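Here's the structure we're looking at; comments come further down.
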Amino acid sequence: QSLTPEQIRAAVGRVDGDYIRQNTATGRDWPSYGLNHAENRFSPLRAVNVDTVSQLGLAWSYDLGSKRGVQATPVVVGGVMYVTASWSVVHALNARTGERIWTFDPEVPREYGEKGCCDVVNRGVAVHRGKVYVASYDGRLFALDAATGAKVWEKDTIIDRSRPYTISGAVRVFKNKVVIGNGGAEYGVRGYLTAYDAETGAQAWRWFSVPGNPANPPEDESMARAMKTWDPAGKWWEAGGGGTMWDTLTYDAELDLIYVGTGNGSPWNRNLRSPAGGDNLYLHSIVALKPDTGQYVWHYQHAPGETWDYTAVQPMILADLTIDGQPRKVILHAPKNGFFYVIDRTDGRLISAKAHTEVNWATGYDNEGRPIENPAARDPTKTFEAIPTAYGARNWHPMSFNPQTGLVYMPVHGVPLSLTPDVNWQRNATRPGAFQSASGWNLGYLLNAEPPKAKPFGRLVAWDPIRQEAAWAQDLGGPWNGGTLTTAGNLVFQGTADARFVAYDARDGKKLWEVPVGSGVVAAPATYEIDGQQYVSVAVGWGGVYGIVQRASERVSPGRVYTFRVGGQAAMPAAVTAERRPLVSGIAYAKADVEAGTGLYVSHCAGCHGVPGVNSGGNVPNLGYARRETLEALPQLVLGGAFADQGMPRFHERLNEAQVLQIRAFILDTVEGVRPR
Ligand SMILES: O=C(O)c1cc(C(=O)O)c2c(n1)C(=O)C(=O)c1cc(C(=O)O)[nH]c1-2
Ligand SMILES: [Ca+2]
């Protein structure tokens with residue numbers, strides 16, 4: 001049952017692009033993040049199917065030892081599973097038994113935690129010719145020996161260490177090149193994608209998604225063209241411009257192109273970034289590049305002049321569909337902005353775009369493939385409650401496409417947020433009331449300065465991309481549910497925010513099976529076969545940008561991989577439940593401090609700790625429910641760096657004791673406002 005290093009080396013040694021393509025027919029392994037290069041997450045395995053799914057039982061579980069978000073899709077080859085947990089730690093497991101083979105910890109300095117917007121997460125590894133590749137949160141890329149976890153090479157992918165670049169995304173390997181982007185556009189960075197030789201780590205190419213300083217020559221023609229779509233008066237290059245490529249990436253072997261989705265602008269607010277307007281290429285676009293050189297081929301920009309933290313980085317799927325009687329090679333794409341896009345991947349032309357949920361920033365698309373905008377959506381003087389919000393109608397949670405049913409299975413959600421133009425924005429200035437500005441955020445908007453009116457929701461939607469309409473939907477109660485997997489057994493698997501793992505009939509959405517798991521689930525499941533037995537695995541661990549501050553389940557177990565098979569008999573691990581504490585009370589505060597404390601809380605604390613007392617917190621505690629002793633000692637804890645090992649900054653250079661007491665006054669006063677009487 002146990003695997004020797006020789007067996008592992010032989011199994012992973014075989015993996016390359018051809019291997020991944022051949023595996024598409026059998027689905028025996030799960031050799032890359034989205035299963036195959038099309039990233040459709042459709043497994044041809046059918047031993048687990050609508051008739052047998054009710055017999056699924058636990059085969060094994062494995063404790064990842066993490067307390068923050070777990071977003072990885074496990075990669076499984078030849079009976080070995082590679083899965084990542086928070087802080088970019090890699091675990092190699094025997095996929096038959098759950099036994100640990102090795103772990104690799106890149107030892108991300110915990111003070112790096114605040115340099116990323118959205119939790120210290122990692123979406124997974126790539127494997128190729130005997131190596132495992134992972135990118136760490138602090139931007140280093142590692143090649144590891146698949147059998148031992150020993151480091152083969154390491155590269156610093158960050159071009160400017162004075163900027164808060166981070167990496168959350170899963171690495172991909174295409175044509176013997178390791179490709180990785182990065183994040184940081186909430187802070188102010190210039191997005192780029194880099195390819196490295198898989199064997200040696202030597203840099204092969206780099207493509208920037210937005211232009212740099214116009215005083216310097218553009219890197220290539222695509223940058224020369226892009227430059228004309230930005231107003232130099234905005235000095236966008238000082239704030240980096242954004243366009244970070246922090247998630248989706250696919251390879252089209254047929255057309256020999258890679259497709260990458262780009263992110264939002266830095267700062268968010270275009271009126272400040274590029275005052276004269278302009279499309280601001282290549283923000284919020286899908287860009288086709290040549291895999292050998294990184295050369296630009298075409299782009300499609302869904303949201304010209306992006307200004308709402310909308311991003312095109314949400315997972316793409318490649319498919320061949322018959323549309324109006326014609327066979328079409330398409331990209332299926334449902335980014336944050338609420339539309340579902342079908343794009344011709346031979347030339348980047350829009351075939352169709354349809355709102356799949358409530359949308360108020362645009363009413364539809366014109367014949368040129370441009371959105372018809374609602375003018376209020378970028379009014380420089382008024383608050384706009386964009387729908388969807390920056391949390392997206394969808395986010396990075398992977399969707400799947402089942403060619404048998406013709407349906408795309410996507411987690412859809414809404415988290416309300418209002419945007420008020422921040423006319424006093426100054427780059428990198430810490431300003432009370434400017435969200436997370438003390439950590440270096442550069443938005444150019446105030447968040448929720450006016451309370452939003454929308455209500456949060458979450459559902460699983462089965463979308464027909466040809467008819468551009470929903471075939472069925474399941475209400476999931478609240479936002480931020482896991483990614484999906486679909487199979488030839490006509491199943492859809494999804495973990496939920498309220499800590500369940502569920503299987504549905506892919507045809508009609510009927511719920512067929514569910515099991516409680518140890519915490520809310522955000523990652524997508526994987527399935528594979530070993531010795532004729534089909535397994536279904538999901539990495540569980542609540543987190544991500546919404547999960548930091550809120551949760552939908554009181555189960556708060558550490559990150560864990562659960563693996564199921566028909567007839568599995570293992571005992572489910574006991575769940576850890578959040579300690580139920582009352583709203584904090586019994587501490588005196590000065591009412592006069594509340595106003596100043598509100599501004600400081602928003603600029604220093606809100607991004608991780610949420611709004612005190614309105615909910616019981618996410619994977620970072622809500623201070624409205626803190627122990628009294630904690631709040632009594634708040635100045636020492638905050639200024640002394642008591643939680644530095646968990647990623648909380650030591651604030652002694654940013655705050656003084658009087659200011660921490662102002663923050664505490666805000667916390668306590670907010671708690672009084674929500675305390676039931
Ligand atoms: O602009 C960026 O560079 C960037 C990076 C990331 C990231 O790397 O995780 C996220 C976002 N933006 C973002 O807007 C967002 O909603 C988001 C959610 C998450 C998450 O892991 O839950 N990451 C990110
Ligand atoms: Ca962003």
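The values are calculated or read from the model by the stated rules, or taken from the named source; none is laboratory data. Since the structure is predicted, the reported quantities are computational estimates derived from the model, not experimental observations. Note that each Cβ is placed from the backbone with ideal geometry, even for glycine, and that neighbours are counted across all protein chains shown. Protein only, heavy atoms only, side chains kept; ligands, DNA and RNA dropped before computing areas. Shrake-Rupley method; radii C 1.70, N 1.55, O 1.52, S 1.80 Å.
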Expected output for the range 184-195 (first residue assigned to a strand (DSSP E or B) and within 15 Å of ligand 2 (Cβ to nearest atom), partner at pLDDT 95 or above and open to solvent by less than 10 Å² (accessible area, probe 1.4 Å), Cβ below 7 Å, 6+ apart or cross-chain) is R190/V210; R190/G240; R190/G241
query: Is the range 197-220 home to any residue that is within 16 Å of ligand 2 (Cβ to nearest atom) and either assigned to a loop (DSSP other than H, G, I, E, B) or not polar (S, T, N, Q) (or both)?
result: yes
For the range 235-249 the number of residues that are more than 8 Å from ligand 1 (Cβ to nearest atom) and of a type in the set (D, E) is 1
Matching residues in the range 378-397 (surrounded by fewer than 21 Cβ atoms within 10 Å (Cβ to Cβ) and in contact with a strand residue (DSSP E or B) (Cβ under 6 Å, 6 or more places away or on another chain)) number 3
Is it the case that H284 is open to solvent by less than 10 Å² (accessible area, probe 1.4 Å), on the phi > 0 side of the Ramachandran plot and either under 22 Å from the mean Cα position of the chain (by Cα) or β-branched (V, I, T) (or both)?
yes
Filtering strands (runs of 3 or more DSSP E) wholly in the range 386-440 for at least 1 residues that are within 28 Å of D508 (Cβ to Cβ) gives 400-402, 407-414
Here the residues within the range 151-165 that are out of contact with any Asp or Glu (no Cβ under 7 Å at 6 or more places or on another chain) and either near ligand 1 (Cβ under 9 Å from one of its atoms) or more than 17 Å from V108 (Cα to Cα) (or both) are I159, D160, Y165
Selection over the range 418-446 where residues are within 25 Å of the chain's Cα centre (by Cα), within 21 Å of G243 (Cα to Cα) and open to solvent by less than 80 Å² (accessible area, probe 1.4 Å) yields a count of 12
Those strands (runs of 3 or more DSSP E) completely within the range 44-151 that have 3 or more residues that are open to solvent by less than 30 Å² (accessible area, probe 1.4 Å) are 56-63, 75-77, 80-84, 90-94, 126-128, 131-135, 140-145
Going residue by residue through the range 168-181, is there one that turns out to be more than 12 Å from ligand 2 (Cβ to nearest atom), of a type in the set (K, R) and over 21 Å from I286 (Cα atoms)? no
Out of (1) crowded, with 24+ Cβ neighbours inside 10 Å; (2) outside any loop (DSSP other than H, G, I, E, B); (3) away from ligand 2 (no atom under 16 Å from the Cβ), the one V260 does not meet is (3)
Residue hits (the range 579-609; open to solvent by 10 Å² or more (accessible area, probe 1.4 Å) and in a loop (DSSP other than H, G, I, E, B)) are E579, R580, R581, P582, L583, S585, G586, I587, A588, Y589, A590, C605
Exactly one of V342, V359, V415 is touching a residue at least 60 places away in the same chain (Cβ under 8 Å) and out of contact with any Leu (no Cβ under 8 Å at 6 or more places or on another chain), and that one is V415
- So is G568 small (G, A, S), assigned to a helix (DSSP H, G or I) and open to solvent by less than 30 Å² (accessible area, probe 1.4 Å) or not? no
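Got at least one residue in the range 541-563 being aromatic (F, W, Y), part of a loop (DSSP other than H, G, I, E, B) and within 30 Å of Q662 (Cα to Cα)?
No: the range 541-563 contains no residue that is aromatic (F, W, Y), part of a loop (DSSP other than H, G, I, E, B) and within 30 Å of Q662 (Cα to Cα).
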Every listed condition ((1) under 30 Å from R427 (Cβ atoms); (2) in a strand (DSSP E or B); (3) open to solvent by less than 10 Å² (accessible area, probe 1.4 Å)) holds for G169 save (2)
Note on the range 611-630: residues out of contact with any Phe, Trp or Tyr (no Cβ under 6 Å at 6 or more places or on another chain), under 17 Å from G547 (Cβ atoms) and open to solvent by 40 Å² or more (accessible area, probe 1.4 Å) are V611, V614, P621, Y625
Open item on the list: Kindly evaluate A633 against the criterion of being touching a residue at least 24 places away in the same chain (Cβ under 8 Å), at negative phi and open to solvent by less than 50 Å² (accessible area, probe 1.4 Å).
Closed with: no
Of the conditions (1) farther than 26 Å from K290 by Cα; (2) more than 16 Å from ligand 2 (Cβ to nearest atom), the single one that A319 does not satisfy is (1)
Those residues of the range 480-510 which are touching a residue at least 40 places away in the same chain (Cβ under 8 Å) and open to solvent by 10 Å² or more (accessible area, probe 1.4 Å) amount to N490, D498, D505, R507
